[in-house]
Amino acid sequence: MAKAFPPELTSGMDEPCRFDLEVFDLEVVEGEVPADIDGLFVQAVPDQVYLPDVPVLYPMTIAAGGDGAVRAFRIKDGCVDFRTRYVRTERFELERKARRPLFGNYRDPFSDDPSVAGKDRTTANTAIYWHAGRMLASKEDGLPYEVDPVTLETRGVWNAYGAITSHTFTAHPKFDPDTGEMFGFGYAARGETTRDIAYYVIDAAGKVTHEAWFEAPYSAMIHDCALTEHYMLFPIMPITSDLDRLKAGGPHFVYDADLPQVFGVMPRYGSADEVRWFRAPHAFPGHTINAYEQDGKIVFDLLETDGNGFAPVVPDKNGAPMPPDGLTTRHVRWRIDYRADDEHLVEREVLAIVNGEGPHIDPRRQLKPYRHVFVPTLDRGKLATDVNGRPYPVMFNQLSHFDLEAGTREDWYPGPAATFQDPVYFTKSADAPEHDGYLIATLNWPLERRSELVILDTLELARGPVARLRLPVRMRLGIHATWFDGAEIPTWR
Ligand code: V55
Ligand code: FE
């Protein structure tokens, strides 16, 4: 018997969904779905089946610890079919068999039921990517699970034919579009809180062709990475983990404002002794936007927040309060000379004030100079309160397009009580200009506990969607969305 989730977790938009289901042919309530769109829009969603039974339930457990579900929208011939299904991880199956929670807090094996000691704790809940003909659902605390792109049935853990022996693998591997190689890594590779990083290059057929193990300067989250023609970059985040703290029942990650920013740089096929650790003053690196090489230097673009980017979900080491006016997130550009004598970085440029997360660019511009960024953002000036003075539960109230060359931005703001989930961006055709594409997102209306799918033409972003589709079920907050071209995936039955 499942115990009821408490009222604070069931009152809003993000009440657990706990269902697998499909909806054939979503209702188009406004506009038309462009007939030239052919592909699959997928989202990874943490969605607890059972509430962990622990003495202290950490916010990170709720925000990022839930069982992974794959939500998929098949868009073709002006129609959209919908399917969502939990990934059948080992953990999901064990709890389902027991009909009760067996796994405890976020990345804390010490808080589990003793019966599941040594079992796979990962939830495959963060991002979905495609490699070597496989759709992989991933969370950075374990190896990905392969999922059937049509039925969404789970095929099992993917470990590159047994070659990946790291305990973990990033949810954000990078790809060389020319060779089809995948570049990925696991941190905490020898188990939770270890400093070990395992770096892998995997060819287009899914075989590991290069591997290197090395140690991070300290045990911390490395959520994303970046790839250039010759280098792989590892931004170490200032949220650290500690085995003793975990054993004592503390949270997995704590934010440490005293740490510098650290970027590990490794030649693409380099060995452990070739990693260099470049340092910069403290900031919170978010998602990578792009990276490439120019004049012998690495150009590395990412989002950077001037404080605890995971507040309040990840606590501050010193208990420091949040700044009342909120934090600022910027699009920054570093230039890094791998051969420099000095490992202190100074060449930082601010390209835009973003106040958003989940950046997307034209996939054809990856590893190359580029001009356009699409990202959900928060305009605090447009935040509103209800009649009782309570702020509407809004995370990102706009979809935004930044033109880096013109220095301009364009936004679509759907209203005070709407909040965006991660979108996807792709161009209208293989030879369309970089900014001439579609943005597709799920848009939540928390006060109505309602979601819709919106499709925007990026040449007319501010005018709003060219199509809005009604979803007859609530889409609780997912993490990353990915677009797969129709040519890559089999037909939906
Ligand atoms: C993130 C999400 C995670 C995680 C670590 O969005 C970082 C960032 C959904 O799980 O485990
Ligand atoms: Fe991410």
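Given (1) away from ligand 2 (no atom under 16 Å from the Cβ); (2) of a type in the set (A, V, I, L, M, F, W, C); (3) assigned to a loop (DSSP other than H, G, I, E, B), where does Phe396 come up short, assuming only one miss?
With (1) away from ligand 2 (no atom under 16 Å from the Cβ); (2) of a type in the set (A, V, I, L, M, F, W, C); (3) assigned to a loop (DSSP other than H, G, I, E, B) applied to Phe396, the lone miss is (1).
Rundown of residues vs (1) at pLDDT 95 or above; (2) more than 20 Å from Pro359 (Cβ to Cβ); (3) in contact with an Asp or Glu (Cβ under 9 Å, 6 or more places away or on another chain), yes/no style:
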| residue | (1), (2), (3) |
| --- | --- |
| Phe402 | yes, no, yes |
| Leu461 | yes, no, yes |
| Leu471 | yes, yes, yes |
| Phe484 | yes, no, no |
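Can you tell me which residue within segment 356-393, out of those that are among the aliphatic types (A, V, I, L, M) and at pLDDT 95 or above, is surrounded by the most Cβ atoms within 10 Å (Cβ to Cβ)?
Val375
Yes or no, residue by residue, for (1) surrounded by fewer than 16 Cβ atoms within 10 Å (Cβ to Cβ); (2) over 22 Å from the mean Cα position of the chain (by Cα); (3) farther than 17 Å from Tyr370 by Cα:
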{"site": "Glu405", "(1), (2), (3)": "yes, yes, no"}
{"site": "Thr408", "(1), (2), (3)": "yes, yes, no"}
{"site": "Tyr413", "(1), (2), (3)": "yes, yes, yes"}
{"site": "Gln421", "(1), (2), (3)": "no, no, yes"}
{"site": "Pro433", "(1), (2), (3)": "yes, yes, no"}
{"site": "Trp445", "(1), (2), (3)": "no, no, yes"}
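Among the candidates Asp325, Asp295, Asp342, Asp301, which residue alone is in contact with a strand residue (DSSP E or B) (Cβ under 8 Å, 6 or more places away or on another chain), acidic (Asp, Glu) and more than 16 Å from ligand 1 (Cβ to nearest atom)?
Answer to the selection: Asp301.
Do you know which residues across segment 46-64 are surrounded by fewer than 24 Cβ atoms within 10 Å (Cβ to Cβ) and near ligand 1 (Cβ under 10 Å from one of its atoms)?
Across segment 46-64, the qualifying residues are Met60, Ala63, Ala64.
Could you check, for segment 151-174, whether at least one of its residues is within 16 Å of ligand 2 (Cβ to nearest atom) and assigned to a strand (DSSP E or B)?
Checked against the condition, which is being within 16 Å of ligand 2 (Cβ to nearest atom) and assigned to a strand (DSSP E or B), segment 151-174 yields at least one hit.
Just checking, which of Asp256, Asp273, Asp242 is at pLDDT 95 or above, touching a Gly at 6+ places or on another chain (Cβ under 8 Å) and over 23 Å from Leu378 (Cβ atoms)?
Within the list Asp256, Asp273, Asp242, the selection yields Asp242.
Which residues, counting only those in segment 126-156, are surrounded by fewer than 19 Cβ atoms within 10 Å (Cβ to Cβ) and at positive phi?
Ala132, Gly133, Gly156
Using beta carbons and a limit of 7 Å, which pairs, at least six apart or on different chains, have the first residue in segment 128-147 and under 14 Å from Arg91 (Cβ atoms) and the second one among the aromatic types (Phe, Trp, Tyr) and part of a strand (DSSP E or B)?
Qualifying pairs under 7 Å: Ala137/Tyr145.
Give me a count of the residues in segment 215-232 that are more than 16 Å from ligand 2 (Cβ to nearest atom) and under 14 Å from Tyr338 (Cβ atoms).
Residues flagged as more than 16 Å from ligand 2 (Cβ to nearest atom) and under 14 Å from Tyr338 (Cβ atoms) within segment 215-232 amount to 5.
Among residues belonging to segment 126-150 that are among the charged types (D, E, K, R) and either assigned to a loop (DSSP other than H, G, I, E, B) or in contact with a Leu (Cβ under 7 Å, 6 or more places away or on another chain) (or both), point out the one that is nearest to Ala44 (Cα to Cα).
It comes out as Lys139.
Select from segment 355-388 the residues that are away from ligand 1 (no atom under 16 Å from the Cβ) and assigned to a strand (DSSP E or B) and list them in ascending order.
If the condition is that a residue be away from ligand 1 (no atom under 16 Å from the Cβ) and assigned to a strand (DSSP E or B), then His372, Val373, Phe374, Thr377, Thr385 are the ones that fit.
Would a scan of segment 246-253 turn up a residue that is under 19 Å from Gly358 (Cα atoms), crowded, with 21+ Cβ neighbours inside 10 Å, at pLDDT 95 or above and within 23 Å of the chain's Cα centre (by Cα)?
no
Only one of (1) in a strand (DSSP E or B); (2) crowded, with 20+ Cβ neighbours inside 10 Å fails for Glu211. Which number is that?
(2)
Being surrounded by 18 or more Cβ atoms within 10 Å (Cβ to Cβ), among the hydroxyl-bearing types (Ser, Thr, Tyr), part of a strand (DSSP E or B) and in contact with a strand residue (DSSP E or B) (Cβ under 8 Å, 6 or more places away or on another chain) narrows it down to one residue among Thr84, Thr123; which is it?
So the residue among Thr84, Thr123 that is surrounded by 18 or more Cβ atoms within 10 Å (Cβ to Cβ), among the hydroxyl-bearing types (Ser, Thr, Tyr), part of a strand (DSSP E or B) and in contact with a strand residue (DSSP E or B) (Cβ under 8 Å, 6 or more places away or on another chain) is Thr84.
How many residues does segment 34-69 contain that are within 16 Å of ligand 2 (Cβ to nearest atom), of a type in the set (A, V, I, L, M, F, W, C) and closer than 14 Å to Arg85 by Cα?
Looking only at that region, the number is 3.
Counting only residues that are in contact (Cβ under 8 Å) with a residue 60 or more places away in the chain, over 22 Å from Asp77 (Cβ atoms) and either among the aliphatic types (A, V, I, L, M) or in a loop (DSSP other than H, G, I, E, B) (or both), how many does segment 425-467 have?
Going through segment 425-467 one residue at a time, the tally reaches 5.
Could you check how many residues of segment 95-109 are under 26 Å from the mean Cα position of the chain (by Cα) and either within 16 Å of ligand 1 (Cβ to nearest atom) or of a type in the set (A, V, I, L, M, F, W, C) (or both)?
Of the residues in that region, 8 qualify.
Could you list all residues from segment 31-52 that are under 22 Å from Ala432 (Cβ atoms) and of a type in the set (Phe, Trp, Tyr)?
Residue satisfying the conditions is Phe41 alone.
Just give me the residues in segment 468-493 being in a strand (DSSP E or B) and within 16 Å of ligand 2 (Cβ to nearest atom), in sequence order.
Selection gives Ala481, Thr482, Trp483.
The values are calculated or read from the model by the stated rules, or taken from the named source; none is laboratory data. All values derive from a computational prediction rather than experimental measurement. When we count neighbours, we look across all protein chains shown, and the Cβ atoms used for this are built from the backbone with ideal geometry, even at glycine.
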